[in-house]
Amino acid sequence: MSLEQSAAADQWNRIGIRHHHGVNIALFSLKTQQSCGIGEYLDLLPLVDWCASVGFDIIQLLPLNDTGPDQSPYSAVSAFALNPLHLSLAQLPHTQDYPSLQRIVHDLQALNALPRIPYAQVRTLKKSFLQHYYAWEFASVANSPEYLSFVEQNDWLQGYSLFKIIKRQRLWQPWEEWPEPLRNPTVETIKALHERYLFEAQYHQFLQYLCFQQLKAVKKKANAAGIFLKGDIPILISRESADLWQHRDLFHVEYAAGAPPDFYAAQGQKWGFPIYNWQVLEQQDYRWWRKRLQVAGNFYDLYRLDHVVGFFRIWAIPLDKPATEGAFQPSEEATWLGHGEKILRMILQSSPMLPIGEDLGNIPNGVRPCLRQLGICGTKVMRWERAWNTTREFINPATYYPESMTTVSTHDSTTLSGWWKENADEAQLYTASRDWSYQPEITQDQRRAILYDSHHSGSLFHINLLQEYLAMFPELVHASPEQERINIPGTISDDNWSYRYLPTVEEIVAHTPLADAIRGMDKRQ
């Protein structure tokens, strides 16, 4: 079956069945002269022009949903709300009219000089700014057609706002420890609470209005420049989320998702996220999932569909048991393919965005062929594409099937430099396959050759982390490869998700040799 005949045919027609090249950016890691302590939505605007100038047509982003006090973008308190932490404060209307706000902006911008993102300080200062800004500016938009339409079209705002209010009042205590009727609110309870906390609720709704405005402005400029924005939709949602609090029937709250024991984790993995009650979701015509995709469509043209195998079967662990005592759901292996295909067809029918599946790890037979038949790309991380069952040799990227995305690393892995340094045996095997001379540190010629290969693979998508390109010029990256890593899965550390690019966005877009090097890879195939 051709892509033109696949279930994703409409999505492919919008994107174009051709080679696409792009960069994967951690928004929080950006810094511009305007940034306030952390990467902000409008920091992406100059990168749109830069991408167009070097021949890229995709900007991929990590999840941007509100995570509350959690640093991880994969632990959202709402499947719909954007993270107010990324609001571009200095560019909000009338900010310059308030000297006290200008002082906060100045204090936040001073934090850009720190090597890692100081989340606690950024949250405290941004909260102070936004509360004052709301008090002074909300009245000017409260009755505007644009704001009223926004509230009317996003009915999830009410529950999300109340969840945030109660969470903060109770110092982020788990909702399961809240007293009745807060723990199990009825429709009447939600309405009464909203009226009681109207001022605070409108504050959260106002922030979402501003977030939506800014990120939609980025998409508008990107699309005008021929650039597609690629989002990231995690398959699961945090147990401590407004969605779970309000819609418990959509989840099996007695289970936590995870992974069975394997070569990398002898005791398995327990992620803590609840699993879906697909039977109830189907009875409701998947309303929650459809709405989630529709909201994301405001900002993205395509998206990374996280842990796509989880739609076929997921490792479900009783809350009081270790990961070793979990089991796959559905339990019957014969039903997995039909189960996943039905859900993915619903997902394709619900949004014009094109999904690209994250299908890494132990994938059951039949899943990848099913994805290809549907027209959903998989993911090829070059260092992990090997003949594991035989010689363990690296697979030639030129042989990757078209329905895939090639990359040299991910946000959860070491960068290319880190892999070379920490996995010498694999690096030696790789250099041997290329008839290269092995060195303990990757040479710049080798780095550029691997990046070149990633952009000339058989895949239709070619996207790498921004720092992989920056590393072609040592002055643009930190001295140690460890400092260039975004996250180490399975660990709790302040270093996770606090990575900051060494150069500013202004320095990146002004670096002519970097732009020339990327253009020199001749990505227009």
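The values are calculated or read from the model by the stated rules, or taken from the named source; none is laboratory data. These figures come from a predicted structure and were not determined experimentally. In this analysis, Cβ positions are derived from the backbone assuming ideal geometry, glycine residues included, and neighbour counts consider all displayed protein chains.
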key: Subset tally (residues that are surrounded by fewer than 16 Cβ atoms within 10 Å (Cβ to Cβ) and polar (S, T, N, Q)) for the stretch 438-471   = 3
query = Inside the stretch 242-275, can you point out the residues that are more than 19 Å from Lys321 (Cβ to Cβ) and surrounded by 21 or more Cβ atoms within 10 Å (Cβ to Cβ)?
reply = Ala242, Asp243, Leu244, Trp245, Leu250
note = Subset of the stretch 34-49, residues surrounded by fewer than 22 Cβ atoms within 10 Å (Cβ to Cβ) and not in a helix (DSSP H, G or I), comes to Gln34
ask   = Failed condition for Leu360, given (1) buried (at least 17 other Cβ atoms within 10 Å of the Cβ); (2) at pLDDT 95 or above, with all others met?
value = (2)
message = Out of the residues in the stretch 111-135 meeting the condition of being touching a residue at least 40 places away in the same chain (Cβ under 8 Å), out of contact with any helix residue (DSSP H, G or I) (no Cβ under 8 Å at 6 or more places or on another chain) and surrounded by fewer than 16 Cβ atoms within 10 Å (Cβ to Cβ), tell me which one is nearest to Asn298 (Cα to Cα).
response = Arg116
message = Take Asp320 and tell me if it is in a loop (DSSP other than H, G, I, E, B) and either in contact with a Ser or Thr (Cβ under 8 Å, 6 or more places away or on another chain) or within 18 Å of Gln5 (Cα to Cα) (or both).
response = no
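Does Tyr286 satisfy the criteria of being in contact with an Asp or Glu (Cβ under 9 Å, 6 or more places away or on another chain) and closer than 17 Å to Leu348 by Cβ?
no
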inquiry  = Yes or no: the stretch 392-408 includes at least one residue that is under 30 Å from the mean Cα position of the chain (by Cα), among the aromatic types (Phe, Trp, Tyr) and in a loop (DSSP other than H, G, I, E, B).
reply    = yes
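Could you count how many residues in the stretch 4-33 are part of a loop (DSSP other than H, G, I, E, B) and free of Cβ contacts under 8 Å to residues at least 60 places away in the same chain? Give the derivation first.
So in the stretch 4-33, the residues part of a loop (DSSP other than H, G, I, E, B) come out as 6-8, 16-19, 26, 30-33.
Filter once more, keeping what is free of Cβ contacts under 8 Å to residues at least 60 places away in the same chain: 16.
Residues flagged as part of a loop (DSSP other than H, G, I, E, B) and free of Cβ contacts under 8 Å to residues at least 60 places away in the same chain within the stretch 4-33 amount to 1.
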query = Residue check: is Arg313 buried (at least 16 other Cβ atoms within 10 Å of the Cβ), modelled with pLDDT of 95 or more, closer than 25 Å to Arg239 by Cβ and among the basic types (Lys, Arg)?
reply = yes
key: Restricting the stretch 495-520 to residues that are over 22 Å from Leu61 (Cβ atoms) and in contact (Cβ under 8 Å) with a residue 12 or more places away in the chain, the residue that is farthest from the chain's Cα centre (by Cα)   = Pro513
task = Pick out, from the stretch 160-279, the helices (runs of 4 or more DSSP H) lying fully within it that include 3 or more residues that are in contact (Cβ under 8 Å) with a residue 24 or more places away in the chain and out of contact with any helix residue (DSSP H, G or I) (no Cβ under 9 Å at 6 or more places or on another chain).
result = 198-224
task = Check Val295 against each of (1) in a loop (DSSP other than H, G, I, E, B); (2) surrounded by 17 or more Cβ atoms within 10 Å (Cβ to Cβ) and name the one condition it does not meet.
result = (1)
query = Is it the case that the stretch 88-103 has a residue that's modelled with pLDDT of 95 or more, out of contact with any strand residue (DSSP E or B) (no Cβ under 8 Å at 6 or more places or on another chain), under 23 Å from Asp232 (Cβ atoms) and of a type outside the set (Gly, Ala, Ser)?
reply = no
